[in-house]
Amino acid sequence: MRIESVKAAFPSRVVSNDDVLELVAEHSCGSLGDDLEEALKRIRFYLRYSGSNTRHWLGEGERPIDFVVSAVESALAEAGVGAHQIDVVVYVGIGRGFLEPGGGPITWRRRWGSPTPTAST
């Protein structure tokens with residue numbers, strides 16, 4: 001087995017840590033009351049601790065499965081092979097569009113038919 005191509009696809013909406021904090025404040029002020037500032041302080045800490053300043057969220061009309069298909073099609077094109085030549089596709093997405101197994105087997109069957117050469121993690 002050879003790895004011919006590795007691809008990823010991301011949603012278009014980029015959300016910053018400040019955006020997340022604003023959303024939490026907006027949607028939690030009624031329920032957290034006086035505890036809101038403490039909650040925001042903790043959330044701010046964990047957002048910084050994660051090492052990420054931004055994250056990608058689905059934009060209007062985007063679906064998780066669309067990104068799986070996009071990444072696979074891009075990898076196939078880069079490798080110069082057809083879907084029938086693939087032995088294994090490893091899907092490592094963390095979106096919760098599907099419960100385990102991941103979206104790999106479902107996507108492959110929908111787009112390229114069976115058999116499903118997929119390992120999902």
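Cβ separations smaller than 7 Å between residues 6+ apart or across chains give the following pairs from the stretch 41-53 residues that are touching a residue at least 24 places away in the same chain (Cβ under 8 Å) to residues that are surrounded by 10 or more Cβ atoms within 10 Å (Cβ to Cβ) and of a type in the set (A, V, I, L, M): ARG44/LEU21; LEU47/VAL20. Among the residues of the stretch 5-24, write down those that are at pLDDT 95 or above, over 19 Å from the mean Cα position of the chain (by Cα) and surrounded by 14 or more Cβ atoms within 10 Å (Cβ to Cβ). Residue satisfying the conditions is LEU21 alone. Only residues that are surrounded by 10 or more Cβ atoms within 10 Å (Cβ to Cβ) and either over 26 Å from HIS56 (Cβ atoms) or touching a Leu at 6+ places or on another chain (Cβ under 9 Å) (or both) were counted in the stretch 25-36, giving 6.
Within the stretch 1-19, take every residue that is in contact with a strand residue (DSSP E or B) (Cβ under 8 Å, 6 or more places away or on another chain) and not small (Gly, Ala, Ser) and give me the one that is nearest to ASN53 (Cα to Cα).
Filtering the stretch 1-19 for residues that are in contact with a strand residue (DSSP E or B) (Cβ under 8 Å, 6 or more places away or on another chain) and not small (Gly, Ala, Ser), the one nearest to ASN53 (Cα to Cα) comes out as ASN17.
Candidates GLU38, GLU22: the one that is of a type in the set (Asp, Glu), in contact with a helix residue (DSSP H, G or I) (Cβ under 9 Å, 6 or more places away or on another chain) and in a helix (DSSP H, G or I) is GLU38. Can you name every residue in the stretch 55-89 that is loosely packed, with under 12 Cβ neighbours inside 10 Å and at pLDDT 90 or above? If the condition is that a residue be loosely packed, with under 12 Cβ neighbours inside 10 Å and at pLDDT 90 or above, then GLY59, GLU60, GLY61, ALA77, GLY80 are the ones that fit.
The values are calculated or read from the model by the stated rules, or taken from the named source; none is laboratory data. All values derive from a computational prediction rather than experimental measurement. Cβ: placed from backbone, ideal geometry, glycine included. Neighbour counts: every protein chain shown.
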